[in-house]
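All remarks here apply to the structure that follows.
The values are calculated or read from the model by the stated rules, or taken from the named source; none is laboratory data. Because the structure is predicted, anything quoted here is derived from the model rather than measured. Every residue, glycine among them, receives a Cβ derived from its backbone with ideal geometry; neighbour counts consider all protein chains shown. Note: areas computed on protein heavy atoms with side chains; ligands, DNA, RNA excluded. Shrake-Rupley method; radii C 1.70, N 1.55, O 1.52, S 1.80 Å.
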Amino acid sequence: VSLPQSALAQTVTPPPVPQDIKVPDGNEAYLLGHATGTQNYVCSPCDPTKANCPLGVAFTLFTPQANLFDDEGEQIITHFTSPNPNENGITRVSWQDSRDTSIVWATLVNAVMVREDSIPWVLLNVNKDTGSRVGPTGGDRLTKTTFIQRIRTFGGKAPSTDCLSSLDLGHQAFVPYRADYFFYKKSPTAGTN
């Protein structure tokens, strides 16, 4: 016997977060995914006049690669980067539903460093430019997403070695990380702004 989809709905209560990554009023959390994967970096040239590039080279993120699981341990979403057809193929971070294959792309709103040994907590925006797509059979679970928060991060930070000179250009580092991703949608009580 299968339960109707509404009976399987996940109750999502986000924890308090720093003010800089709070989701604007009029949105509510509807989905939580616990991520396990890697943040993938490549050693690239950078501007040595910038504080984060004293050696003229630095690790640059080229893609996250993670699976998101629900509270029961079922895989629900895959997280990666992909070309966004809404923006003529610009590569953006993306999340694809593991069942209905709906997909959403997002851009960074703000980041907050919470743990020095881990990647920051972030707030990402899904809007008409970044957009979303239904799956080939009409699946649309992720298409209602307005914001995504990545919080409770552990690991994933670029290494401090193996990218120290031009001799290291092209070196890659796949750094394990864990995080929680909260997906938000417009609240039913929100106006139609």
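So, in the range 44-60, of the ones that are open to solvent by 80 Å² or more (accessible area, probe 1.4 Å) and touching a residue at least 40 places away in the same chain (Cβ under 8 Å), which residue ends up nearest to residue 107 (Cα to Cα)? The qualifying residue nearest to residue 107 (Cα to Cα) is 45. Among the residues of the range 107-114, are any under 10 Å from the mean Cα position of the chain (by Cα) and either at pLDDT 95 or above or more than 18 Å from residue 183 (Cβ to Cβ) (or both)? Among the residues of the range 107-114, at least one is under 10 Å from the mean Cα position of the chain (by Cα) and either at pLDDT 95 or above or more than 18 Å from residue 183 (Cβ to Cβ) (or both), which makes the answer yes. Selection within the range 16-43: residues that are within 20 Å of residue 114 (Cα to Cα) and hydroxyl-bearing (Ser, Thr, Tyr). The member of this set that is least open to solvent (accessible area, probe 1.4 Å) is 38.
Against the test of being over 19 Å from the mean Cα position of the chain (by Cα) and not polar (S, T, N, Q), the options 15, 54 yield a single qualifying residue, 54.
Considering the range 30-51, the residues that are among the small types (Gly, Ala, Ser) and under 15 Å from the mean Cα position of the chain (by Cα) include one that is farthest from residue 77 (Cα to Cα), namely 37.
When the test is whether a residue is small (Gly, Ala, Ser), under 26 Å from residue 129 (Cα atoms) and in contact (Cβ under 8 Å) with a residue 12 or more places away in the chain, residue 37 does not pass it. Residue count for the range 7-56, restricted to those that are at pLDDT 95 or above, among the hydrophobic types (A, V, I, L, M, F, W, C) and assigned to a loop (DSSP other than H, G, I, E, B): 2. Restricting the search to strands (runs of 3 or more DSSP E) fully inside the range 74-193 and requiring at least 3 residues that are under 26 Å from residue 20 (Cβ atoms) and open to solvent by 20 Å² or more (accessible area, probe 1.4 Å) gives 90-97, 103-112, 145-155, 172-186. Determine whether residue 182 is of a type in the set (Phe, Trp, Tyr), free of Cβ contacts under 8 Å to residues at least 60 places away in the same chain and in contact with a strand residue (DSSP E or B) (Cβ under 9 Å, 6 or more places away or on another chain). Against the criterion (of a type in the set (Phe, Trp, Tyr), free of Cβ contacts under 8 Å to residues at least 60 places away in the same chain and in contact with a strand residue (DSSP E or B) (Cβ under 9 Å, 6 or more places away or on another chain)), residue 182 does not qualify.
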